[in-house]
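Okay, so here's the structure we're looking at.
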Amino acid sequence: MRNLLILGAGTAGTMIANKLRRRLDRDDWQITIVDQDDRHHYQPGYLFLPFGTYTEKQVVRSRHTFLPDGVDFVVAEVDRIDPEASSVALTDGRSLAYDYLVIATGTTPRPDQTPGMLGPEWRKSIFDFYTLEGSKALAEALKDFDHGRLVVHVTEMPIKCPVAPLEFAFLAESYLRERGIRDRVELTYVTPLPGAFTKPAASEHLGSMLDERKISLESDFMVESIDNEKKALVSYDEREVPFDLLVTVPLNMGADFVARSGMGDELNYVPVDKHTLQSKKYANVFAVGDAGDIPASKAGSVAHFAVEIFVDNFLELIGGRPMTGSFDGHANCFIESGDGKGLLIDFNYDTEPLPGKFPLPKVGPLDLLKESRANHVGKLAFRHIYWNVLLPGRPVPLPTHMSMAGKVTTSTNQEK
Amino acid sequence: MPVTTIDGHEIHVDDEGFMTVYDEWSEDLGKTLAAQIGIDMTDEHWQAIRFLRSDFTAQGETPTLRRVSVTGGIPTKRLFQLFPKKPAKKMAYVAGLPKPQGCV
C-alpha cells in the first residue's frame, strides 16, 4: 500500500483528493488529507461581505462534505515535515508517513509582520478583508463610516488574489456613491507597485479606472510601520498617508511549518519547478496552489489549472514514466468594478492580460479587460461553480492552458 | 536587445538600461552604473550588490527587497538609505542584473 499525503484541504488540496481518488486504485493507494479545521472558506466571497452582498453562510462550508469516500481526513495541525524520512509530524504527537507529499497549505495574511498593524487601532480603524473575521468587522465599520479618509492598502507583493484590493476600492467607491456620501470621502489606493497593477496593459487600464473614480494612487509605497496615534501609514522612505479608515492587505506568507521544516524561501513558499510544481529538492514532494513559489498569481484559478496538470503528471510519475504536462501559469480572474459591472483578465507566465473576447474569439460572451455586466454575473455565478463543480473535481469547460484565441495583440502591449 | 557602450565596455541592455548578460558586468562597470544614477559606492553598497550577484547565480533571478533583507542580512530601512526611492530597481541596475520581476 502506498500513501499520498496532502497537507491542506483548501482549493488545491480538495481538488487533488477528489481527482486522484477516482484515478488511483484503492487497493494500492491510501490518500490522507490534513487540515487544522473543518471549515472550507470560499475566499473570493470575503470581498462582498463588507458591502452586504454575501452572508457568512454563503462562504463557509464543511471541508469533509467535499472530500470523497476513501480519503482519510485528519483534523490536526502540522508541526513539521521530515523530508529525508518522508514523514510529517503533527502537533498532537502523531506522525504520518508518505510516499508522496503534496503541500497545499496556501498563503495567509500576517498582520503581525508590520509594526503597528496589530496595535490599538486594529479592528477599530484598521481592517483587513482577507479573513472572515476581518471582513465581517469591516462590514460593521463601513456602515458607520460617513466621511473622512478611506485608504485601501497593499503591504507587499505577492498577495493572494492580487486584484482584490483594487476591486475593494472600486466597490467602496460605488457603495459610497449609492449612499450619497462619495463627496465626503477622500479615497486613496496605496501600493508597493509602481502602478495600479503588475502587468503593463492591465496596470494602465486599471490605473485609468482609478482616475475616473477620483481615487488617488500612492505608488512605490513600501510600508515600514503604522502610526496608531497619528493614524497614518509610514513608508521606509518616510512618506506618510493618514487615514480615518484603513483597509489593508497584510503581508502574505506561507505556513510556518514550511519554515520550521527548512523547506521554504524567505516568505515560507516552497521552491518548485514552475512547470511541474515538483519540489526543487525532493522528488516526492509537490507544492500546489498558493503554497509554492511559482511566478504566477496566487489565486484559485491558478490552483485549478495547476491541479489539472499535476494530476496527469502524478499518474505518469508513479507509473515510472516522465512527466509530460507543463503548467503555463494560466490565470483567469474576474475583477469587480462596481455598479454591477466587472472585467475579466486571462493571462499566463509569458502573456500579460490583453483585451479581447473569452472564451470564444469574437463571440465571447465575456469581454477581456473591459467592464461589462456579463463579467459581474460571471463572478457571482462562480461561487456555485466553485462549490458544485470545481471542488468536487468535476470537469470545468475552460482550457487548462491559456489560449491566444480571442485576444487582441498590438506591438505595444506584447510582453517583452 | 540594444547594445550600448559605457566606459569603453560594450554591453547588452534592455529598453530601460538594465544589463541582460550576466558576464558582461564587472565591479568597475558597476561603479560607473552607480554614478549614472547618482550613487557613490561604499563598502555597504558593495555588500548589497555582491549579495545580489551571488544570489542571482544560485536562484536564477534577481532577488526581491525582502530577500536582500532576510537572506542578505541588510535591513530594508538601510537599503532605502543606500539606494534611495527605488532600492530594488536601483540595486539590480548597478549589479547588472535583469529588472526585478514585479510581482504577479
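The values are calculated or read from the model by the stated rules, or taken from the named source; none is laboratory data. Just so we're clear, the structure is a prediction, and the values are computed from it rather than from any experiment. When we count neighbours, we look across all protein chains shown, and the Cβ atoms used for this are built from the backbone with ideal geometry, even at glycine.
Taking the stretch A:148-228 as the region of interest, the strands (runs of 3 or more DSSP E) fully inside it that hold 2 or more residues being surrounded by fewer than 21 Cβ atoms within 10 Å (Cβ to Cβ) and within 14 Å of chain B (Cβ to nearest Cβ) are A:223-227.
If you filter the stretch A:283-334 down to residues that are within 14 Å of chain B (Cβ to nearest Cβ) and more than 30 Å from A:S372 (Cα to Cα), you find that the one that is surrounded by the fewest Cβ atoms within 10 Å (Cβ to Cβ) is A:D293.
If you filter the stretch B:14-31 down to residues that are within 14 Å of chain A (Cβ to nearest Cβ) and not small (G, A, S), you find that the one that is surrounded by the most Cβ atoms within 10 Å (Cβ to Cβ) is B:F18. Could you tell me whether the stretch A:116-131 includes any residue that is in a loop (DSSP other than H, G, I, E, B), of a type in the set (A, V, I, L, M) and surrounded by fewer than 20 Cβ atoms within 10 Å (Cβ to Cβ)? Checking the stretch A:116-131: at least one residue is in a loop (DSSP other than H, G, I, E, B), of a type in the set (A, V, I, L, M) and surrounded by fewer than 20 Cβ atoms within 10 Å (Cβ to Cβ). The residues listed here are B:F51, B:F18, B:F56, B:F80; of these, the one that is at pLDDT below 95 and within 24 Å of A:E156 (Cα to Cα) is B:F18. So which residues in the stretch A:83-110 are in contact (Cβ under 8 Å) with a residue 40 or more places away in the chain and out of contact with any Gly (no Cβ under 9 Å at 6 or more places or on another chain)? Residues satisfying the conditions are A:S86, A:V88, A:L90, A:L96, A:A97, A:Y98, A:D99, A:Y100, A:L101, A:R110. When every residue of the stretch B:40-51 is checked against the conditions, none turns out to be surrounded by fewer than 19 Cβ atoms within 10 Å (Cβ to Cβ), within 14 Å of chain A (Cβ to nearest Cβ) and not in a loop (DSSP other than H, G, I, E, B).
Set side by side, the residues A:L368, A:L380 differ, and just one is in contact with a Gly (Cβ under 8 Å, 6 or more places away or on another chain), at pLDDT 90 or above and not charged (D, E, K, R), which is A:L368. If you go through the stretch A:233-282 and keep only what is in a loop (DSSP other than H, G, I, E, B), farther than 30 Å from A:E140 by Cβ and among the aromatic types (F, W, Y), you end up with A:Y236, A:Y269, A:Y282.
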